[in-house]
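Colleague: First the structure, which I've put down as C-alpha cells, then a few questions once you've had a look.
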Amino acid sequence: MDKLKKVLSGQDTEDRGGLAEVSEASSLSWNTRIKGFVVCFGTGILCSLLGTLLLWVPRKGLYLFAVFYTFGNIASIGSTVFLMGPMKQLKKMFEPTRLIATILVLLCFALTLCSAFWWHNKGLALIFCILQSLALTWYSLSFIPFARDAVKKCFSACLA
C-alpha cells in the first residue's frame, strides 16, 4: 500500500526539485485524497447515469444526455487529480504514449458539447458521445501495461 501511495502521489521519482517539495508541503493527506477521489468519481458516475436516464426525456433528452454524460466523464477523469496531484496528472496525460488518446478524448468532449449547445444536432451529439466512450476507453487502456497491445491483437485476430 505504501508503494501505491508513493507512485500515485509522485514520490517514487528520484529527481526531487524545489517545486516538488513546495507542492508536497501543501498537499492533502492520503485519506483526504482518497475521499476526494471517491466523491469526484462517484459524482462522475452519477452524472453519466443521470444522462443515460435523461436520454428518454422527450425533445431535450439527447441534449441532456450529451451534457451530463460529458460532465460525468470529465469528473471521472478529474477524480484522479486527487490521487496524483494536478501537475503529475497533466504530465501523464500528455506523455508521448498517450498524447493522441488525450487529444482525442478532449476533442470528443468539446465536440459533444458543441453539437449539443451550438449546433443543436442530436445525431452528431450521439455520435460524439459514442466516440467519446471509445476514446476514453483507449485513453484508460494506456495506463495498463500492454493493454493496448492486447486489444490490438484481439481485434486483429477477430478480424483476420
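Colleague: Rounded to whole Å and ordered largest first, report the semi-axes of the equivalent ellipsoid of segment 50-113 derived from its Cα gyration tensor (root of 5λ). The partial results should precede the final answer.
Modeller: On the way: eigenvalues 159, 37, 8 Å².
For segment 50-113, the ellipsoid semi-axes come out as 28, 14, 6 Å.
Colleague: Any idea how far apart LEU106 and ALA157 come out in nm if each label point goes 7 Å out from Cα toward Cβ?
Modeller: 3.5 nm
Colleague: May I pose another question? If you take the C-alpha gyration tensor of segment 31-153, multiply each eigenvalue by 5 and take the square root, what semi-axes do you get, largest first, in whole Å?
Modeller: Output for segment 31-153: semi-axes of 26, 19, 12 Å.
Colleague: Still on this structure, please answer the following. Quick one: divide the alpha-carbon radius of gyration of segment 100-160 by 2.2 N^0.38 Å and tell me what you get.
Modeller: Segment 100-160 yields a ratio of 1.34.
Colleague: Another question, if that's okay. Using 18 Å as the cut-off for backbone N distance, which residues of segment 37-63 belong to the label zone defined by a point 7 Å from the Cα of SER133 along Cα→Cβ?
Modeller: What the label zone holds, given the 18 Å backbone N cut-off, is 44-57, 61-63.
Colleague: Assuming R0 = 35 Å, what is the FRET efficiency of ALA150 and LEU90, from their Cβ-Cβ distance, to the nearest 0.05?
Modeller: 0.85
Colleague: Using +1 at the Cβ of each Lys and Arg and -1 at the Cβ of each Asp and Glu in segment 31-153, identify which of LEU50, PHE146, LEU113 lies farthest towards the dipole's positive end.
Modeller: It is PHE146, whose Cα lies furthest towards the positive end.
Colleague: Here's another thing I want to ask about it. Starting from the Cα of LYS60, step 7 Å along the direction of its Cβ; do the same at SER29; then give the gap between the two resulting points in nm.
Modeller: Each label point is offset 7 Å from its Cα along the Cβ direction, giving 4.3 nm.
Colleague: Using a 1.4 Å probe over the heavy atoms of the protein chains, calculate the carbon and sulfur portion of the accessible area of segment 31-153 as a whole percent.
Modeller: 78 percent
Colleague: With every protein chain present, what is the per residue accessible area of segment 31-153 (1.4 Å probe, Å²)?
Modeller: Counting only protein heavy atoms, the per-residue value for segment 31-153 is 59 Å².
The values are calculated or read from the model by the stated rules, or taken from the named source; none is laboratory data. Since the structure is predicted, the reported quantities are computational estimates derived from the model, not experimental observations. Cβ: placed from backbone, ideal geometry, glycine included. Neighbour counts: every protein chain shown. Each accessible area value is taken on the protein alone, full model and side chains, heavy atoms only, with ligands, DNA and RNA left out. Shrake-Rupley method; radii C 1.70, N 1.55, O 1.52, S 1.80 Å.
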